[in-house]
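The values are calculated or read from the model by the stated rules, or taken from the named source; none is laboratory data. Computed from a predicted model, the values in this text were never measured in an experiment. Here the Cβ positions follow ideal geometry from the backbone for every residue, glycine too, while neighbour counts run over all protein chains shown.
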Amino acid sequence: MDQLSSPSTETLTAEALAAELGEADTIGSKLHRLASENKLAVVSMAVIVFIALAAVFAPLLTPYGFAEQDLAVRLQNPSAAHWLGTDELGRDELTRLLYGARVSLLVGVVPTIVSMLLGAILGLIAGFCGGWTDTVIMRVADVMLAFPSLLLALVIMYILGRRHREHLSLHSPYIDWAGVARVVRSQTLSLRESQYVEAANSIGVKKLTIIFRHIFPNCVPSLIVLFTLNIPGAILSESSMSFLGIGVQPPGCSWGLMADTGRTYLTSHPMLSLAPSVAIMLVVLAFNFLGDGLRDVLDPYMNRR
Amino acid sequence: MNEQLTLSIEHLRSSFFTLRGEVKAVNDVSLAVPKGKIVGIVGESGCGKSMTAKSIIGILKYPGRVVGGSIRLDGQELAGLSDRAMRQIRGRDISMIFQEPMTSLNPVVKVGKQVQEAVLLHRSITSAEARQEVLKIFRTVGISEPEKRYDSYPFQLSGGLRQRVMIAMAMICRPKLLIADEPTTALDVTIEAQILKLMKDLSRNTGMSIILITHNLGVIAELCDFVYVMYAGKIVEQADTITLFDHPLHPYMQGLMASVIRLDRDVERLQTIPGVVPNLLHLPAGCAFSNRCPYASDECRTQPPVLHDVGSGHLVRCFRGEDDK
Amino acid sequence: MFRNIAKRVLQTIPILLGVALLIFLMLRIIPGNVATTLMGEHVNQESVKRLTAELGLDQPVYVQFLKYIFGAARGDFGTSYYLNRSVKNLLTIAFPYTVKLALAAAMVAWTIGITAGIFAAVRKNGILDHLFMGFSLLGISMPVFMVAMILQYFLAFRLQALPLEGAVGFRSYIIPAIALGWNSAGSIARMTRSSLLETLQEDYIDTAAAKGRGRVGIITAHALRNALLPVVTMMALQISSLLSGAVITETIFSIPGIGRLAVQAISNRDIPLLQGTVLFTTVIVIAGNLLADCLYAVLDPRIREAK
């Protein structure tokens, strides 16, 4: 007798809305809904793609090399020749910004992928197996989470030594995976008790199959959201380390490094530090908006677990 | 009727103003609650009964709003009162209890304190005196070991106890009117019987009137003196309980009666009412029930019927009812 | 309840040991002899051997680790290679600066963040809401150094209102505290707002209204007590990020705290000092989390009473 939830609820739940519109409940349809309703997320996606393309095609977009010095034109204000001016060694600021995008995006995305994979696998195992495996994995995760991330990253860079500092991608997965593992583990725990897993088990489906065909797909939405929201952290981490002088080294080009070298001229040429900082801010914002939008559509109850 | 009326509602209208349009949740509802009597409002989810209740007590949340009509409590007009004035009436003259006692109580505050709050808001007594009042009302509503329960948290109590706490909270200021919104829907049947008896006794003993909202006909039969049937925001039939159950005239009410499962009859198939409740954003031009009514005529689909008297206080909103009887 | 606390404290011990072990191992896997690094390439083998023995580096790793742990339990964290002073001494001197900075930042961040979040939720979709949420977005997206430099530029350089750097007196902590707390404030504001909005949808809010409570009363007496629970969790998690941010902030503002000490240790390849600082900060994080757990149990009776 009481089928539809009445419109007297203040906000129609996402599920009710979808049911009303006769939509399928797949990830694809949810993403479609995101694209049509959340303009901010779409714009952010566009910004990210734009920056990525600019980074990839940097050599084609600018006549200058990122290390090309011209001391005659050092510390110039924005002009027709140099759209954002030049830095203390006469290098074109805009060019360095473009090449810096490469570092930021690479260092933002690659370690996050690694930590996602690591965290997801360990989380699945911990949640599904339980017992000692679970305890051990979670304790290790706790140990990793006890480190302030920047400090651990510094230690890692120290270990890698001067020669390997270009391999920045190695610096950040060591803590991020723990957070991912926790989320995946709690989801696995609750999914493990669900009826269809029970059913699958009772007809003799192999454990591994259960994990990959039933449990893992349900974790994917959260993973997508976590992925998008962890990238800004990695980007900020790299820029902080380069800022401290322990990340990308000159003549290499990173936004954090640019901000640091520009610091000396903060009072006379604030643009040198401001431009890369704003760039970082925009990228971080874009990923955050995208992540928020994805979360609203894919996994609105993520925080409650 | 020369009885004194505790509550008199005339042409109440409340709507939700959503992005998709105006949802007329309460669409011209008039009802009367005599002193000391129990009045029932029955209907399925979404028919507007909860909204009516919330409109009376004034806790409709944005984007809902009372749009028009008169609400008189013991002669005093409530519609249009400032929120400050209304706050004095809420909890003191009119109380409300809700369906889910678990979520209706603050999970991190002791239940004793929550009930104490109800009396401290309306009477200037000390905290210690208030506590005594709480213990007294706990005993009245049948909560054993009141001192122990006072210091309990909601999650430590059973469903029945929690609902008794809610009733205590509603009764502690001796209200003139109690609105009970599906008070036993979330409870076991045996507990339900206890709670219903409690409410009946309280009403008889204190002269308090009750508006009982439910979709359960059995509860109505058990408790109510008079019944209003609501559908899609309007009242479609009203009568005293016995008359209504003996001679339901509106096809919707007839359908509800027919779908009740009875032990004394051998039935092959369960009866249902085909179709679903209409979307309140897109109400049909005529009778709101016409798309599900077995007797619907063209007139029904195009003209909205009005409530008319078929004798001794029995009103129906149906064209067919005019010919019958 | 005390049993719970004791249990949790015991659980942190293996974590602490794990942390110490991890740092220890990480710093020992560096190729190259430490003594050689310290003394330079062109020193004869005798001296290298002697220094190695002096530093206790010729012993098996587990012996070194055990010695370190026992030393640490007594408060002895070794001697800094570079500065030639006891690590404990260095930590003790640097520690108060970091504490002042972090506490100031946390206070600023949390009070502003929670207040902003509450107002934003209560005036949902109004100007205040958009304003506060706009600021909080800036908060979570601007890197610490960016905030620091902007503040330095405007407040210290342009307006000459506050000192540019240093750690002398209350005023010199103002800009660093804001810079450090900016990010936290943003997260806290967003979390408070969403948590409060969610809480206000709960049924017991209706009950409170039906009792006759006014808007303000509902929020202070009922909503906040529940809405702030996840915020407390977030605050605990922020201890770690505040310490990370302190590293940068101390460097920019030349505050002689533990963060700056850590950076120095890295530049100078000063293993004992690095070990000491990382271990120390980790202990603070763990202690903070423990405190937060206890706080949570105090605030939420469901956690307290459940067995």
Conditions (1) away from every other protein chain (no Cβ under 14 Å); (2) closer than 30 Å to C:Thr199 by Cα; number of the one not met by C:Leu90: (2)
Residues of the stretch A:204-221 satisfying the condition of being among the polar types (S, T, N, Q) and closer than 21 Å to A:Val180 by Cβ: A:Asn218
Tally of residues being over 14 Å from C:Gly217 (Cβ atoms) and not in a helix (DSSP H, G or I) across the stretch B:111-127: 4
Matching entry among B:Ser82, B:Ser152, B:Ser104 (being out of contact with any Asp or Glu (no Cβ under 7 Å at 6 or more places or on another chain), among the polar types (S, T, N, Q) and modelled with pLDDT of 90 or more): B:Ser152
Boolean, A:Val107 is within 14 Å of chain C (Cβ to nearest Cβ) and either of a type in the set (Asp, Glu) or under 29 Å from C:Leu10 (Cα atoms) (or both): no
Test set (1) of a type outside the set (Ser, Thr, Tyr); (2) within 14 Å of chain C (Cβ to nearest Cβ); (3) touching a Gly at 6+ places or on another chain (Cβ under 8 Å); (4) surrounded by 19 or more Cβ atoms within 10 Å (Cβ to Cβ) - B:Met102 fails condition number: (4)
Any chance C:Arg269 is surrounded by fewer than 24 Cβ atoms within 10 Å (Cβ to Cβ), closer than 30 Å to C:Ala148 by Cβ and among the basic types (Lys, Arg): yes
Condition met for B:Pro154 (in contact with a Leu (Cβ under 6 Å, 6 or more places away or on another chain) and not hydrophobic (A, V, I, L, M, F, W, C)): yes
Tally of residues being within 18 Å of B:Lys49 (Cα to Cα), part of a helix (DSSP H, G or I) and in contact with a strand residue (DSSP E or B) (Cβ under 8 Å, 6 or more places away or on another chain) across the stretch B:189-243: 5
Top-ranked residue in the stretch C:70-114 [being among the polar types (S, T, N, Q) and in a loop (DSSP other than H, G, I, E, B); ranked as nearest to C:Trp182 (Cα to Cα)]: C:Ser80
Filter result for the condition that a residue is polar (S, T, N, Q), touching a Lys or Arg at 6+ places or on another chain (Cβ under 6 Å) and under 26 Å from C:Pro96 (Cβ atoms), over C:Thr277, C:Thr281, C:Thr251: C:Thr251
Hits in the stretch B:43-85 - residues which are away from every other protein chain (no Cβ under 14 Å) and assigned to a loop (DSSP other than H, G, I, E, B): B:Asp74, B:Gly75, B:Ala79, B:Gly80
Selection within the stretch C:272-284 - facing chain A (nearest Cβ under 10 Å), of a type outside the set (A, V, I, L, M, F, W, C) and closer than 15 Å to C:Leu25 by Cα: C:Gln275
Yes/no for C:Phe132 being assigned to a helix (DSSP H, G or I) and either in contact (Cβ under 8 Å) with a residue 40 or more places away in the chain or farther than 24 Å from C:Arg190 by Cβ (or both): yes
Subset of the stretch C:77-128 (residues that are under 11 Å from C:Pro272 (Cα atoms) and either of a type outside the set (A, V, I, L, M) or modelled with pLDDT of 90 or more (or both)): C:Phe77, C:Gly78, C:Thr79, C:Ser80, C:Tyr81, C:Tyr82, C:Asn84, C:Arg85, C:Ser86, C:Lys88
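For every residue, the table says whether it meets (1) at pLDDT 90 or above; (2) in contact with an Asp or Glu (Cβ under 9 Å, 6 or more places away or on another chain).
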{"site": "B:Val119", "(1), (2)": "yes, yes"}
{"site": "B:Ala130", "(1), (2)": "yes, yes"}
{"site": "B:Leu135", "(1), (2)": "yes, yes"}
{"site": "B:Thr140", "(1), (2)": "no, no"}
{"site": "B:Lys148", "(1), (2)": "yes, no"}
{"site": "B:Met166", "(1), (2)": "yes, no"}
{"site": "B:Ala170", "(1), (2)": "yes, no"}
{"site": "B:Ile179", "(1), (2)": "yes, no"}
{"site": "B:Ala186", "(1), (2)": "no, yes"}
Residues that are touching a helix residue (DSSP H, G or I) at 6+ places or on another chain (Cβ under 8 Å) and either more than 21 Å from C:Trp110 (Cβ to Cβ) or more than 9 Å from chain A (Cβ to nearest Cβ) (or both), drawn from the stretch C:132-146: C:Phe132, C:Met133, C:Phe135, C:Ser136, C:Gly139, C:Phe145, C:Met146
Count of the stretch A:249-270 residues which are of a type in the set (A, V, I, L, M) and surrounded by fewer than 24 Cβ atoms within 10 Å (Cβ to Cβ): 1
Helices (runs of 4 or more DSSP H) completely within the stretch A:186-305 that count 1 or more residues being under 23 Å from A:Leu151 (Cα atoms): A:216-244, A:255-263, A:271-298
So C:Thr233, is it more than 13 Å from chain A (Cβ to nearest Cβ), hydroxyl-bearing (Ser, Thr, Tyr) and either closer than 23 Å to C:Thr281 by Cβ or in a helix (DSSP H, G or I) (or both): no
Any hit, the stretch B:20-42, residues being surrounded by fewer than 18 Cβ atoms within 10 Å (Cβ to Cβ), within 12 Å of chain A (Cβ to nearest Cβ) and in contact with a strand residue (DSSP E or B) (Cβ under 9 Å, 6 or more places away or on another chain): yes
Selection count where residues are within 21 Å of B:Leu244 (Cβ to Cβ) and part of a strand (DSSP E or B), scope the stretch B:173-188: 3
Output for the stretch C:178-218, where each listed residue is of a type outside the set (Phe, Trp, Tyr), part of a helix (DSSP H, G or I) and over 30 Å from C:Ser141 (Cα atoms): C:Asp203, C:Ile205, C:Asp206, C:Thr207, C:Ala208, C:Ala209, C:Ala210, C:Lys211, C:Arg215, C:Val216, C:Gly217, C:Ile218
Residue among B:Ser127, B:Ser209 that alone is touching a helix residue (DSSP H, G or I) at 6+ places or on another chain (Cβ under 9 Å), of a type in the set (Ser, Thr, Tyr) and under 25 Å from B:Leu73 (Cα atoms): B:Ser209
Options C:Arg269, C:Arg260: the member that is out of contact with any Pro (no Cβ under 7 Å at 6 or more places or on another chain), over 30 Å from B:Ala170 (Cβ atoms), within 12 Å of chain A (Cβ to nearest Cβ) and not in a helix (DSSP H, G or I): C:Arg269
Residue in the stretch C:212-225 that is within 30 Å of B:Ala53 (Cα to Cα), in contact with a strand residue (DSSP E or B) (Cβ under 7 Å, 6 or more places away or on another chain), more than 10 Å from chain A (Cβ to nearest Cβ) and not acidic (Asp, Glu) present: yes
Inter-residue pairs, beta-carbon under 6 Å, first closer than 13 Å to C:Ala265 by Cα and in the stretch C:80-109, second surrounded by 22 or more Cβ atoms within 10 Å (Cβ to Cβ) and of a type in the set (S, T, N, Q), 6+ apart: C:Val87/C:Ser80
Lone unmet requirement of (1) in a loop (DSSP other than H, G, I, E, B); (2) farther than 30 Å from B:Leu157 by Cα for B:Val26: (1)
